[in-house]
Amino acid sequence: MAHPTAPEHSGESITIQKIRARDQRGIAVTLPGATPEGRFEDRHSAYHDNLSPAVEWEDVPGAQYYALIVEDPDAPREKPFVHWMVWDIPGGINQLPEGLPNNSTLVSPQSVIQGRNDRGGYGWFGPLPPRGHGVHRYYFQLFALDAALEMGPDTPLVDLVNALKAHTIADGEAMATYEAPELAS
């Protein structure tokens, strides 16, 4: 039996493990909305306000666009749970602010596409690990691209991954954790 604070992992790798970037230096990615211990603040959880967290990264020379995928490999299912897919982020941008609207196309940053999360909506779906399932890990996987992907918001993850394989020049990741809150007594 698994330890209650170490959930069973899904059987499939997260996206960044499926893509080989041309430049292996990596991208530094930070999550200002996580505590110093790396835990999501409650406002980012679907148990609370479900606000998308701020994400920041270093500029990558030659990057025309960026894409971001957030997955939870600790979800009790075969594949990691997709919490957020964002792409066609212009190369001159090196952050996404907290609280982006859950629309398929953003006005600011302009023309950025948010795909469907595994809950079925567009944009961010915050952590919602089952109570008693332990701490879950949320991987923020950033990809620097040599071109726009020009894919619609209903693009499935598998098609997005195939496009990323062709256009990724560098990648990086950050991780935050979250555990379901205790029930009030």
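Derivation of every value follows stated rules applied to the coordinates shown; laboratory data play no part. Everything numeric here is computed off the predicted structure, so don't read it as measured data. Using ideal geometry, Cβ is built from the backbone for each residue, glycine included, and neighbour counts are taken over all protein chains shown.
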- Quick note on Arg39, Arg20, ordering by fewest other C-beta atoms within 10 Å, gives Arg20, Arg39
- Taking Cα atoms only, helix 157-167 is inclined relative to the longest principal axis of the chain by an angle, in degrees rounded to 10, of 40
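For Leu149, what is the net charge nearby, where nearby means another residue's Cβ is under 14 Å from its Cβ and Lys, Arg count +1, Asp, Glu -1?
Residues near Leu149 contribute -4 overall.
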- Query: For Pro90, what is the net charge nearby, where nearby means another residue's Cβ is under 14 Å from its Cβ and Lys, Arg count +1, Asp, Glu -1?
  - Reply: -4
- Query: Normalised by the residues of the chain, what does the relative contact order come to in percent, with Cα pairs under 8 Å and at least six apart?
  - Reply: 30
- Item | Rg over Rh, two decimals, the chain (C-alpha only, Kirkwood Rh) | 0.96
- What is the gain in length, in nm to one decimal, between Arg131 and Thr35 on full extension, counting 0.36 nm per residue of separation less the C-alpha to C-alpha distance? 32.5 nm
- Toy charge model, Lys and Arg Cβ at +1, Asp and Glu Cβ at -1: segment 70-185 dipole around Cα centroid in debye, rounded to 20, equals 200
- Query: Label Ala166 and Glu56 with points 7 Å out from Cα along Cα→Cβ: what is the distance between them in nm?
  - Reply: 3.5
- Query: By its C-alpha gyration tensor, with a ≥ b ≥ c as the square roots of the eigenvalues, how is segment 30-122 shaped: rounded for a/c under 1.5, else prolate for a/b larger than b/c, else oblate?
  - Reply: prolate
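Using a cut-off of 9 Å between beta-carbons, work out the net charge of the residues near Arg43 (Lys and Arg +1, Asp and Glu -1, Arg43 not included).
Working: positive: none; negative: Glu41, Asp42, Asp49, Glu98.
Around Arg43, the surrounding residues sum to -4.
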- Query: Using a Gaussian network model of the chain with C-alpha springs under 10 Å, which one of Gln17, Gln95, Gln141 is most mobile by mean-square fluctuation?
  - Reply: Gln17
- Query: Can you work out ³J(HN,Hα) from phi for every residue in segment 29-44, in order, using Karplus 6.51 cos²θ - 1.76 cosθ + 1.60 and θ = phi - 60°, giving whole Hz and x for Gly and Pro?
  - Reply: 10, 10, 10, x, x, 9, 5, x, 7, x, 8, 4, 6, 3, 4, 8
- Listed peptides 107-114, 60-67, 80-87 by packing density, highest first (mean Cβ within 10 Å): 80-87, 60-67, 107-114
- Residue-wise HN-Hα coupling along segment 61-71, computed from phi with Karplus coefficients 6.51, -1.76, 1.60 (Hz; x: Gly, Pro): x, x, 6, 8, 8, 10, 9, 10, 10, 10, 10
